[in-house]
Amino acid sequence: MKNILILGLLVLSNYLAVCQSDFKDQLAAAAVTLTDEQVVYDPAYFSIPYPMGDVPEGKGVCTDVVIRAYRKMDIDLQRLVHEDMKSNFSMYPKNWGLKRTDSNIDHRRVPNLQVFFKRKGKEKSISKQAADYLPGDIVAWNLGGGTTHIGVVSDKKVPNSNRYYIVHNIGNGQELSDCLFSYKIIGHYSYSGVK
């Protein structure tokens, strides 16, 4: 009986690993589809519906790339981050002097997404090895001067390398770039979501 239980747990563990891998591949592909949309970099504050709110079509920043990729997977980071912040406000950064949550903007801030992915997903190691950054991973960078950035590792490889392109928006709209090691990496995550 004990052997059957152990075998069952191994089968379940392998099944979950395959499901997570499939999800990450789908997330990476979903992020790539965002590059077909014309988006102007616009960091303005917008009042948006809740849940499933989005900034106006054709506008966005780096966090909106991540948010929209997860939306294509039926995962609403706006709701998930908001709910986690309401329950655990003290665990989130106070960089903006807020005394309470704001469902219009909280999920659109890189440091908040970093806390959320660390709490609810898997924090992965930061390395200089391209092979450690897999399709569907989320990467955060420090651009200097207190500016942070975030993107999704795509499923498209940079020619003649073992690096994947990153889907992000650093000012030119939603694009694929070979920028994994262009900035200081400050976060590396995997999050398969909770529907």
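When the helices in the chain are scored as -39500 (n - 2.57) per DSSP H run of 4 or longer and the sum is shared across all residues, what 222 nm value do you end up with, to the nearest 500 deg cm²/dmol? Each step should come with its number before you reach the end.
Details: 4 runs with 64 residues, N = 195.
Calculated from helices alone, the mean residue ellipticity at 222 nm is -11000 deg cm²/dmol.
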Calculate the spin-label point distance for Lys122 paired with Val40, positioning each point 7 Å from the Cα along the beta-carbon direction, and give it in nanometres.
4.1
Under the rule of at least 5 residues apart or a separate chain, name every residue whose amide H is placed under 5 Å from the amide H of Leu176.
none
Of the residues Ser127, Ser103, Ser21, which exhibits the maximal mean-square fluctuation in a Gaussian network model of the chain defined by a 10 Å Cα contact cut-off?
Ser127
In sequence order, calculated HN-Hα J values of region 147-163 (Karplus, 6.51, -1.76, 1.60; Hz; x Gly/Pro)
9, 10, 8, 8, x, 10, 6, 7, 9, 10, 7, 5, x, 6, 8, 10, 8
Work out from phi, with θ = phi - 60° and the Karplus expression 6.51 cos²θ - 1.76 cosθ + 1.60, the ³J(HN,Hα) of each residue of region 176-190, listed in order in whole Hz, and give x for Gly and Pro.
9, 9, 8, 10, 3, 9, 6, 9, 6, 6, 10, x, 8, 9, 10
Using only Cα atoms, locate the centre of region 74-89 and the centre of region 102-168, then give the distance between them in Å, rounded to an integer.
18
Just to be sure I understand, if you calculate Rg/Rh (Cα atoms, Kirkwood Rh) for this structure, which of [x] 1.28; [y] 0.99; [z] 1.36 do you get?
[y]
Given a 10 angstrom Cα cut-off, can you work out which residue in Lys72, Lys156, Lys128 is the most mobile in a GNM of the chain?
Lys128
Looking at this model, which pairs from Lys86/Lys184; Lys86/Lys157; Lys120/Lys184; Lys99/Lys124; Lys86/Lys128; Lys24/Lys118 are more than 27 angstrom apart at the alpha-carbon?
Lys86/Lys184; Lys86/Lys157; Lys99/Lys124; Lys86/Lys128
Interchain or long-range residues, amide H under 5 Å from Ile186's placed H:
Ala140, Trp141, Asn142
Kindly write out, for region 28-37 in residue order, the coupling ³J(HN,Hα) from the Karplus curve 6.51 cos²θ - 1.76 cosθ + 1.60 (θ = phi - 60°), rounded to whole Hz, with x marking Gly and Pro.
4, 5, 4, 4, 4, 4, 5, 6, 7, 8
Inter-probe distance in nm under a simple model that places probes 7 Å from Cα toward Cβ, at Asp178 and Lys94:
4.5
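Read-outs throughout are calculated quantities, based only on the coordinates presented, and are distinct from any laboratory measurement. Computed from a predicted model, the values in this text were never measured in an experiment. Here the Cβ is made from the backbone with ideal geometry for all residues, glycine too, and neighbour counts use every protein chain on show.
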